[in-house]
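Worksheet: one structure, shown below.
The values are calculated or read from the model by the stated rules, or taken from the named source; none is laboratory data. Note that the structure is a prediction, hence the values are computed from the model and not measured. Methodologically, a virtual Cβ is constructed for each residue, glycine included, from the backbone with ideal geometry; neighbour enumeration extends over all protein chains shown. Surface accessibility is based on the protein's heavy atoms, side chains included, excluding ligands, DNA and RNA. Shrake-Rupley method; radii C 1.70, N 1.55, O 1.52, S 1.80 Å.
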Amino acid sequence: MENSRRKSLILLSGGLDSAANLAFSVHFDQPVLALTIDYGQRAAKREIEASKKFADYYEIPHRVLELKWLGELGGSALTSTSIDVPNVATNKLDDAKTTEASAKQVWVPNRNGLFINVAAAIAESMNAQQVVVGFNKEEAATFKDNSSQFLGVANLSLRYSTGTGVKVACYTDLLVKSEIVQAVKNLEKKFPFEMVWSCYHGGEKMCGECESCKRFLRATQG
């Protein structure tokens, strides 16, 4: 029954992982809002455009929240044009030394922790039961705030910081990206891969060279 489904707020960037979780939430939950955060990242415009397309496609209300001060902290290639975005060769995507160096260059201080808490506040105000995020096992190896372990401790925190016990959930945290691709293909509603924006840059089209692009291409093209 529809009213037995969990009311969910989806953190949506327009990338593969968050869009897949939107699709899973539409299938299993009752999404009440797709939330995209503009924190001053290079790809903000493209991410917002992609997120709106996904929200429209799945008929979910969409909201953009600005947290520009986060990008103004600097120190990340995602927000500072003075720092080069690292490119990673496809055959180096599973090389720990290479990906750790790349992760350090694109790290934004406490980004996922902040996003979850902001989303939980909005979810609580909307009487939503959970925040759905787009994590994956592949990148959790170098981004600890992309892991199942982080979900666990975030949920422990939310037990104390929300009055209604809002939870944070993810349908893909135990999957690598190629498995995510296969999983969404099995959903009843066709997943629009052409809408995905999985690039660190904000150009006319995805660059195909940054680590995010390389991972998306490897997952979708083999």
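This table checks each residue for (1) open to solvent by 20 Å² or more (accessible area, probe 1.4 Å); (2) in contact with a helix residue (DSSP H, G or I) (Cβ under 8 Å, 6 or more places away or on another chain); (3) of a type outside the set (S, T, N, Q).
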residue	(1), (2), (3)
69	yes, no, yes
93	no, yes, yes
97	yes, no, yes
104	yes, no, yes
125	yes, no, no
(message) Going by what's in this entry, would residue 47 be described as in contact (Cβ under 8 Å) with a residue 60 or more places away in the chain and either surrounded by 14 or more Cβ atoms within 10 Å (Cβ to Cβ) or not in a helix (DSSP H, G or I) (or both)?
(response) yes
(request) Keeping to the stretch 71-88, report how many residues are outside any helix (DSSP H, G or I) and open to solvent by 50 Å² or more (accessible area, probe 1.4 Å). (result) 6
(message) Residues to consider are 108, 118; find the one that is open to solvent by less than 20 Å² (accessible area, probe 1.4 Å) and touching a residue at least 24 places away in the same chain (Cβ under 8 Å).
(response) 108
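Mind telling me which of the residues 60, 10 ends up being touching a strand residue (DSSP E or B) at 6+ places or on another chain (Cβ under 8 Å), under 19 Å from residue 125 (Cα atoms) and part of a loop (DSSP other than H, G, I, E, B)?
On the way: 10 fails: part of a loop (DSSP other than H, G, I, E, B).
The conditions single out 60.
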(message) I need a count of the residues in the stretch 4-31 that are in contact (Cβ under 8 Å) with a residue 12 or more places away in the chain and open to solvent by 30 Å² or more (accessible area, probe 1.4 Å).
(response) 8
(message) List the residue pairs whose Cβ atoms are under 8 Å apart, where the first residue sits in the stretch 83-94 and is over 14 Å from residue 213 (Cβ atoms), the second is open to solvent by less than 70 Å² (accessible area, probe 1.4 Å) and among the small types (Gly, Ala, Ser), and the two are 6 or more positions apart or on different chains.
(response) 83/75; 83/76; 83/77; 84/77
(message) Suppose we filter 137, 52 for residues that are surrounded by 17 or more Cβ atoms within 10 Å (Cβ to Cβ) and either touching a strand residue (DSSP E or B) at 6+ places or on another chain (Cβ under 6 Å) or of a type in the set (Phe, Trp, Tyr) (or both); which single one remains?
(response) 52
(request) Would you please name the residue that is least open to solvent (accessible area, probe 1.4 Å), looking only at residues in the stretch 165-180 that are touching a strand residue (DSSP E or B) at 6+ places or on another chain (Cβ under 9 Å), among the hydrophobic types (A, V, I, L, M, F, W, C) and outside any strand (DSSP E or B)? (result) 166
(request) Spot the failing condition for residue 205; the list is (1) out of contact with any helix residue (DSSP H, G or I) (no Cβ under 8 Å at 6 or more places or on another chain); (2) in a helix (DSSP H, G or I), and only one is missed. (result) (2)
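Of everything in the stretch 206-219, what is open to solvent by 50 Å² or more (accessible area, probe 1.4 Å) and in contact with a Cys (Cβ under 8 Å, 6 or more places away or on another chain)? Give them in sequence order. Break it down into steps so the answer makes sense when it comes.
Our first condition is that a residue be open to solvent by 50 Å² or more (accessible area, probe 1.4 Å); within the stretch 206-219, this holds for 206-207, 209, 217-218.
Scanning the stretch 206-219 gives 206, 207.
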(request) Take residue 159 and decide whether it is open to solvent by 50 Å² or more (accessible area, probe 1.4 Å), closer than 19 Å to residue 7 by Cβ, part of a helix (DSSP H, G or I) and at pLDDT 95 or above. (result) yes
